[in-house]
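The values are calculated or read from the model by the stated rules, or taken from the named source; none is laboratory data. This structure is a prediction, so every number in the text was calculated from the model and none was measured. Positions of Cβ are generated from backbone atoms using ideal geometry, with glycine treated the same way; all protein chains shown enter the neighbour counts. Surface areas here come from the heavy atoms of the whole protein model, side chains and all, with no ligands, DNA or RNA. Shrake-Rupley method; radii C 1.70, N 1.55, O 1.52, S 1.80 Å.
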Amino acid sequence: MEPQRVLRTIMTFFCFVSLGTSALAEPARLVLNSPHSAPITAPDGSGVLDVFYRELFARLGMTVEFQQLPAERAVINANRGIDDGDVTRISGMETHYPNLVQVPESVMRYELVLFSRTARFKVTGPEDLQPYDVGIVTGWKIVEWNTTKAHSVTRVENVTQLFQMLADDRIDLAIIERMTGMMTIKNLEIKDVYILEPPFLVGNWYLYLHKKHQNLVPRLTAEIRRMKEDGSYTKIFESALQNFFH
């Protein structure tokens, strides 16, 4: 081979090696949508899932950014591939949003409860809502599907609006995740609000990604399980929640 061709071959080889090394040195970044407020996700990154996901993706050599969006817009944007995924949804969302892929290991247990100022009853199911004017946050699908028997349903954009309506007696019941509701009551300094027991709905939340990232699903699944097994999952959740409820 001629010396010039040898030189070009060597230079091309090192160019590809350099580019490959540079690409590996820069972790991939995903944008995940969140419809939640503290203590689940928070603007300052102190929410339990903020901390958990940063650790989870760091273990895969990646970074993650959280984008606060209304619940309906969050899932629509993730399904369209405008953003990379949604931080938490119930199982089976791919039936309604076919471009989403569920990471099958749960990331959080939820309790959706009824908050009220005047009503008092033991919660048994959706039929309990028949006499009441109920408030929900638009885009919380499992809540939407389980409130069809209420006397009326008012949909709002966020949890702050939800509890302002409850405080003004414009609704009888507000349905939202327990910790989120408790934190909102505390921040808004609303008095005489009660949680009706037992929880209205309970279950597991899962991370969802747009299908263009489905190759990450096995790795994420394995790493979430590993974090549960090595104790880091419990440690992160206990530490983060303590910062909000102390």
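What pairs come up if the first residue lies in segment 47-66 and is surrounded by fewer than 18 Cβ atoms within 10 Å (Cβ to Cβ), the second is basic (Lys, Arg) and in a helix (DSSP H, G or I), and their beta carbons are under 6 Å apart, counting only those six or more places apart or on different chains?
Leu60/Arg219
Can you find a residue in segment 157-173 that is closer than 17 Å to Gly139 by Cα and hydroxyl-bearing (Ser, Thr, Tyr)?
The answer is yes; a qualifying residue exists.
Take the residues in segment 178-199 that are touching a residue at least 12 places away in the same chain (Cβ under 8 Å) and assigned to a loop (DSSP other than H, G, I, E, B); name whichever of them is most open to solvent (accessible area, probe 1.4 Å).
The qualifying residue most open to solvent (accessible area, probe 1.4 Å) is Asp192.
Out of all the residues in segment 141-159, which are assigned to a strand (DSSP E or B) and not β-branched (Val, Ile, Thr)?
Ser152, Arg155
Are any of the residues in segment 92-111 at pLDDT 95 or above, open to solvent by 20 Å² or more (accessible area, probe 1.4 Å), aromatic (Phe, Trp, Tyr) and touching an Asp or Glu at 6+ places or on another chain (Cβ under 7 Å)?
no
Just to be sure I understand, how many residues within segment 36-60 are in a helix (DSSP H, G or I) and not acidic (Asp, Glu)?
Filtering segment 36-60 down to residues in a helix (DSSP H, G or I) leaves 48-59.
Going one step further and asking which of them are not acidic (Asp, Glu), we end up with 48-49, 51-54, 56-59.
Of the residues in that region, 10 qualify.
Scan segment 83-133 residue by residue and report those that are in a loop (DSSP other than H, G, I, E, B), among the acidic types (Asp, Glu) and under 29 Å from Glu238 (Cβ atoms). Please lay out each step first, then the result.
First pass over segment 83-133, keeping only residues in a loop (DSSP other than H, G, I, E, B): 83-84, 90-92, 96-99, 103-107, 117-125, 130-132.
Next, only the ones that are among the acidic types (Asp, Glu) stay: 83-84, 105.
Once the filter is applied, which keeps residues that are in a loop (DSSP other than H, G, I, E, B), among the acidic types (Asp, Glu) and under 29 Å from Glu238 (Cβ atoms), segment 83-133 yields Asp84, Glu105.
So for segment 130-144 (the condition being closer than 20 Å to Gln214 by Cα and within 17 Å of the chain's Cα centre (by Cα)), does at least one residue qualify?
There is no residue in segment 130-144 that is closer than 20 Å to Gln214 by Cα and within 17 Å of the chain's Cα centre (by Cα).
Taking the residues in segment 73-91 that are under 26 Å from Leu162 (Cα atoms) and out of contact with any Phe, Trp or Tyr (no Cβ under 9 Å at 6 or more places or on another chain) as candidates, determine which candidate is surrounded by the fewest Cβ atoms within 10 Å (Cβ to Cβ).
For segment 73-91, the residue satisfying everything is Arg73.
For segment 145-159: of the residues being in contact (Cβ under 8 Å) with a residue 40 or more places away in the chain and open to solvent by 30 Å² or more (accessible area, probe 1.4 Å), which is nearest to the chain's Cα centre (by Cα)?
Residue satisfying both the conditions and the ranking: Asn158.
Which of the residues spanning segment 200-221 are open to solvent by less than 40 Å² (accessible area, probe 1.4 Å) and either under 22 Å from Glu55 (Cα atoms) or touching a Lys or Arg at 6+ places or on another chain (Cβ under 8 Å) (or both)?
Correct list: Gly203, Trp205, Tyr206, Leu207, Tyr208, Leu209, His210, His213, Leu216, Val217, Leu220, Thr221.
Out of (1) in contact (Cβ under 8 Å) with a residue 60 or more places away in the chain; (2) within 19 Å of Met182 (Cα to Cα), what's the single condition that is false for Asn99?
Looking at each condition in turn, Asn99 falls short on (2).
Just to check your reading of the model, which residue among Ile236, Ile175, Ile136 is in contact (Cβ under 8 Å) with a residue 24 or more places away in the chain, open to solvent by less than 40 Å² (accessible area, probe 1.4 Å), assigned to a strand (DSSP E or B) and out of contact with any Lys or Arg (no Cβ under 9 Å at 6 or more places or on another chain)?
Ile175
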